[in-house]
């Protein structure tokens, strides 16, 4: 294998799954949702991601099941294409090009040109080609809202309703006529009549519209310009963000920022069911075509699957992204997961390896009130100690005109429950905001120490109280040790900004504006001060391992300084606008993100060497303020000099737009691709005993088949296969061939052929290659004859019992062949 | 669907009260048995032999109680007037008591009629005691004399007329049959030796002496008089060791715990204080309902017996070890509880599949209202929250809960709504709460915002209700006083800072020449005060 040291910046995990309304398939087994540049297929029962339909080159803006074939789905994207997928197998079937950007899929699609959105009808040309350009576009409505929830088809596609601003427009396809209804901007009671979303009743002429002030209006008789009527429902206290009718039209579902799913009975609107405390504001509501499942997407990147008896059955949770990450990105030393702000008042533990949210830790432990404009407690700082036994968090709430509320909480890891348990709460640890916090890194020392710096001009050291109080005399009084303040330090009344412990925990550096003070935590003596005027220190970092004698700091005046702690002098300094300085905990390497002309550059260097190990210009646009080195599970063995720094740990960073990015090498990507292929879960067939028997049967036949020679009935894609099996099982016994015949076939199939194995593998390789080349072709061309064959087979079996079908004849022939090879194998041995 | 998270009640550190070994030891007594006597209980004495009956002198009687009986097992009633100082001999067979009528009576514990009557004093006899050889009796009287009597002959052996005021307390040495000490209202303590006919040592207490106590080693003497308890070293010629002033009324009685490690003092201020005898610090405190006149501890501290001016005798027995461990054990024996836990203590076997039942969340009343967003009702229920404390069955207010609810309402942005729209009664209840808790430093940040809101909401109706107006005036007064306090405190803090600053040595910053040559700014370190913060 040739090593390529090619380092690339890639998106890693945590894409948004709540961007557009998810879609539930007809059998309620799968859930499709747009996620970044791909469409994800989730199982509604296990919450696992089954397929990731990749192909779009830009944001996917909508997903829709094909009405004529419910096993296929359309997706449209901002790259101007509509793609048709077979989502059970994860295969792309067709691509259609559209001249401009597609925004929303409502059977026809809306197209935007610049900022004006227009609803157009697209005729999907019937053609065998995989890539088709759609030229026939006819504008239906102009000036529609960019929000796809504000445009909807009514009653079997007879009309389309679209709302924008204060106006509702209904277009009837038959009459080719549009009606407009507008509302007054009502400011009397502060109510706002702006439309937010629209839903149409499936069999009744009724349109439900949601409004900014939380009202829902039910419009009727809207095919007249003048005589239309509407009734108003009001429960929500702020804007209704999503509305949906159930397929029978008996219920209307609505949701908003209150995060309560409200189920209204149609025509009996005073009867409501509620599902409260869903966790975060509801952004979309979708109902499965059979009405058995509802699903709601939430603003915290979550999809909740709800049974129609208003009970939550599953939760699909993605990486929660807030507007900002108050806590730095951190790595939990135990689970090696990424830790950052999650839901309000929570910390999320996100597994980078599995791209899955492990759990949310409730830090604030208060009922979250879903109301906009309310000042809530936010987790602003968090820190782990080196062993992962302790977690320190700071939460604050600043209300206008009131005192700052600060809480410092210390959490101990509980082995039994495998999560963090609150140990100590310190209310008002400082008089002003906490600017920095870090644990002493020394793993061997007996006492753990936490240092926090605050804008009140002090830094405080917190220590686990000695066990002396519980020396056997009174064990019941104080069962577990708690934290208390050990030392309060200040320097000339200056405000401390950041603090850092040296790797062995023997030195503490605290920066007070432009002065760096170095303290000894053992005696709390000020050892020395280092300074590089004229600007304040921004970052402070000790070197690791062989470079532990260096202390690095960056200043606001575009300076990166490196002090030698043995001589207490400046070793070197360079002019760079460093926005973030990081030390790799497993090596001597340091990473510096520099902001230059709106772009961020990355430099990786060792403090002892003048030449950087690696540098990349324009990593991303905007400033990078959060990054972390995550240790790898297994070391990479790259010998390329420029990629060596990625051997032990991986660098993750958050861009300005809250995208999680990382650096990968080519070899790593290849390995990832290989592993992801193995991991595909075949979830489409239920694991019944029959499946275990027949599925195995099929697999062996697949292996035994020569792909070039004829097509067997079993070698069909899964749904067709299952149809054949069903047919076989449902056919009355008297019309089937004799049991002994079937049994012997079945027993034969269970035998292991020895010689086959080597050939088997080769064939598989070949077939895989071929599949990669012309997967789509084969699929599209094959499905039809296969279907016919299967159907034909079924019919034949039904019509005449003794006559063997073609498929059976073929089967027999194949069995003969198998048998022969098996014999040959015996002879050989 | 996540469950409702109840309001978090802030736990505040309890200031001052620390749970120590002593509090655990001295709290380990049962609820007191209270017996009504005929008059003020002036003296209690435990029999030195098992079963350790105790003699209680009250009014004209001396009752003897058994260790667990609530009825006297024996009563001596042959006193013409108020009896004083009923004391057992060291073998527990004889009992001596003084009387207001100046006659000292000696009883057999089994009999009824006095065996001997010692006449000679001219005034009431408040002090009686047996000497350690068991054949003599010491008495002290209001006629300023103390006398020694011979029991077999019923004759007076000696009279000491050195005190110049009433003699109200006295002890005999348990080691030497000739030594005894008396304390008098002339502020002096005198040590007498029966072999010479005058006192051999005099100590000045400074207050009328009410009670005396000798340590078992008899090297130290404790005296109580006025508000002071003083300890004297007899071996150093009566040198005062310590003077304790922990009571705010006259100390009436002294007592030593059985192991000699703790000293107890009872006072007219209704408290019994327990001191550590090594450093003489108060380690525990008992409260009683009335002024205490007498106090006694049973051997092994099995019970504390206290006699009070309201003629109540209070006996606290020590909890047996199993009792102190299992308070809930009694409840478990109730059938209703057994029904309640039925099937819950079944331990599942290896192959059993456990079907978990959804646990129903129990919410407090105010939380239920908060869950329904009924903010006014939530505040109302929180204001009424009181806790039943098991010990006294009295209702205690829990301001923490109310404050937590107010804080929660403030966080939800609905405190204004909850405070508004109240009638006179509701408002006065709120103001009452504010007056009670506003200046508490634990609650001040929350309650100040609430108080401001109340003033904003109701300033238009001021003057309409005399009740509310009165409360507002009280609140104003309270705040003014608090501001004065804070000002004083700041002044004191300033003074302390000045003193600390002058006391701390100036420290030079250690800086190497290299760093200085490097042009790095240097400054003197303000090694700031290391203050320990209670968290």
Practice prompt. Taking residue A:385 as the residue in question, decide whether it is touching a strand residue (DSSP E or B) at 6+ places or on another chain (Cβ under 7 Å) and either more than 30 Å from residue A:256 (Cα to Cα) or modelled with pLDDT under 85 (or both).
Written response: yes
From the option list A:300, A:290, single residue qualifying as assigned to a loop (DSSP other than H, G, I, E, B), within 13 Å of the chain's Cα centre (by Cα) and more than 26 Å from residue A:426 (Cβ to Cβ) is A:300
From the option list A:535, A:617, single residue qualifying as closer than 20 Å to residue A:516 by Cα and touching a residue at least 12 places away in the same chain (Cβ under 8 Å) is A:535
Across (1) at pLDDT below 90; (2) in contact with a helix residue (DSSP H, G or I) (Cβ under 9 Å, 6 or more places away or on another chain); (3) more than 14 Å from chain A (Cβ to nearest Cβ), residue B:10 clears everything bar (3)
Check whether at least one residue in region B:496-510 is more than 30 Å from residue A:515 (Cα to Cα), more than 14 Å from every other protein chain (Cβ to nearest Cβ) and modelled with pLDDT of 90 or more, and report yes or no.
no
Requested in this report: Could you check, for region B:421-437, whether at least one of its residues is more than 17 Å from residue B:471 (Cα to Cα) and in contact (Cβ under 8 Å) with a residue 40 or more places away in the chain?
Outcome: yes
Q. Going by the conditions given, is residue A:597 at pLDDT below 85 and more than 16 Å from residue A:531 (Cβ to Cβ)?
A. yes
Over region A:538-560, the set of residues free of Cβ contacts under 8 Å to residues at least 40 places away in the same chain, over 15 Å from residue A:498 (Cα atoms) and either within 10 Å of chain B (Cβ to nearest Cβ) or crowded, with 18+ Cβ neighbours inside 10 Å (or both) is A:559, A:560
* Answer yes or no: is there a residue in region A:40-47 that is at positive phi, surrounded by fewer than 23 Cβ atoms within 10 Å (Cβ to Cβ) and not assigned by the TED database to the domain that holds residue A:199. => yes
For this session: Test residue A:260 against the criterion of being within 14 Å of chain B (Cβ to nearest Cβ) and either farther than 25 Å from residue A:157 by Cβ or touching a residue at least 40 places away in the same chain (Cβ under 8 Å) (or both), and give yes or no.
Result: yes
Filtering region A:360-379 for residues that are loosely packed, with under 15 Cβ neighbours inside 10 Å, in contact with a helix residue (DSSP H, G or I) (Cβ under 9 Å, 6 or more places away or on another chain) and either over 21 Å from residue A:402 (Cα atoms) or more than 7 Å from chain B (Cβ to nearest Cβ) (or both) leaves a count of 1
Note on region A:280-330: residues crowded, with 22+ Cβ neighbours inside 10 Å, farther than 17 Å from residue A:19 by Cα and within 12 Å of another protein chain (Cβ to nearest Cβ) are A:306
For residue A:524, the lone unmet condition from (1) within 14 Å of chain B (Cβ to nearest Cβ); (2) farther than 20 Å from residue A:615 by Cα; (3) crowded, with 19+ Cβ neighbours inside 10 Å is (3)
If you go through B:121, B:126, the only one that is part of a loop (DSSP other than H, G, I, E, B), crowded, with 21+ Cβ neighbours inside 10 Å and at pLDDT 90 or above is B:121
For residue A:353, state whether it is touching a residue at least 40 places away in the same chain (Cβ under 8 Å), away from chain B (no Cβ under 14 Å) and over 30 Å from residue A:495 (Cα atoms).
yes
Item to complete: Kindly indicate whether any position in region A:105-112 is surrounded by 16 or more Cβ atoms within 10 Å (Cβ to Cβ), under 23 Å from the mean Cα position of the chain (by Cα) and at pLDDT below 80.
Response: yes
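Condition check ((1) surrounded by fewer than 21 Cβ atoms within 10 Å (Cβ to Cβ); (2) more than 14 Å from chain A (Cβ to nearest Cβ)) across all residues:
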position: B:22; (1), (2): yes, no
position: B:37; (1), (2): yes, yes
position: B:47; (1), (2): no, yes
position: B:61; (1), (2): yes, yes
position: B:68; (1), (2): yes, yes
position: B:86; (1), (2): no, yes
position: B:101; (1), (2): yes, yes
position: B:106; (1), (2): yes, yes
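The values are calculated or read from the model by the stated rules, or taken from the named source; none is laboratory data. Everything numeric in this text was worked out from a predicted model, so none of it was measured. Because the Cβ atoms are built from the backbone with ideal geometry, glycine has one as well, and the counts that use them run over all protein chains shown.
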